[in-house]
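Heads up, the thing below is written out as structure tokens.
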């Protein structure tokens, strides 16, 4: 199990100027030695020049929100995160890892929800690298790993909930966005922990019934909405009728027997619950 080891690196500017000055001095020594015919000094100058050039290979740049993973002949020796020009052992390999915040949107996947209805779902995942050692050495390709595991988590989460429900105690994909989003984020994070990745946010970007049942499910939703609206209308109409009867009785406007009350209730309910406006009939004469 690999864990990130923080490693400091000396300033590359200082090392660069020192090596550059030594290189110029070595060139000057070589020229003077050739002029004076000093063989031993020429050999020393010739040997020092490639050594100084090789030491410059140890210079590398670390950009903001970037890290360099150092390895010495395959062995992990640490991670440098300080931005700027840095220097380390020229024999170290220095792999660049971005620790910036990134986002990834999954493909639209067709899965069956908890009720067995086919739905299309897609999500966006905001993530970043928090442990460079795990990201480099625990998985083969941490970016591809994140993509595959995110899509698998979205599919798994979608099968746990129904697309929609009328039961307030049941969590649904469409009706309980916060709970579903939290579950999705937790599901993805659990899969990415071993790769040293952190999920900052995960949310659903597309959710719909599959095309083959979309029309039928839309009709069902419309029917449910109509029934719910009718229930509200009837509930309100009954309250209004009861209020009218009580008001007539309290004020003594008219005395109604049970048969006339039933007739009045029936007429009022028809008026209040009808889809279209009623056409009243005015009785202009009476017969004894």
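Coordinate-derived values only; no laboratory data. Because the structure is predicted, anything quoted here is derived from the model rather than measured. All Cβ positions, even for glycine, are placed from backbone atoms using ideal geometry, and neighbour counts span all protein chains on display.
Extent along the principal axes, Cα only, for segment 88-146: 60, 20, 15 Å, with the longest axis given first.
Computed on segment 12-97, with alpha-carbon pairs under 8 angstrom and 6+ residues apart, the relative contact order is 29 percent. What the Cβ-Cβ distance of residue 228 and residue 65 gives, at R0 = 41 Å and to the nearest 0.05, is a FRET efficiency of 0.20. By other beta-carbon atoms within 10 Å, ranking 128, 230 with the fewest at the front produces 230, 128. Dividing the radius of gyration of the alpha carbons in segment 12-97 by their Kirkwood radius gives 1.15 for Rg/Rh. On alpha-carbon atoms, Rg over Rh for segment 102-209 using Kirkwood Rh? Using Cα coordinates only, the ratio equals 1.02.
Each of 201, 168, 134 has some number of other Cβ atoms within 10 Å of its Cβ, and from fewest to most they run 168, 201, 134.
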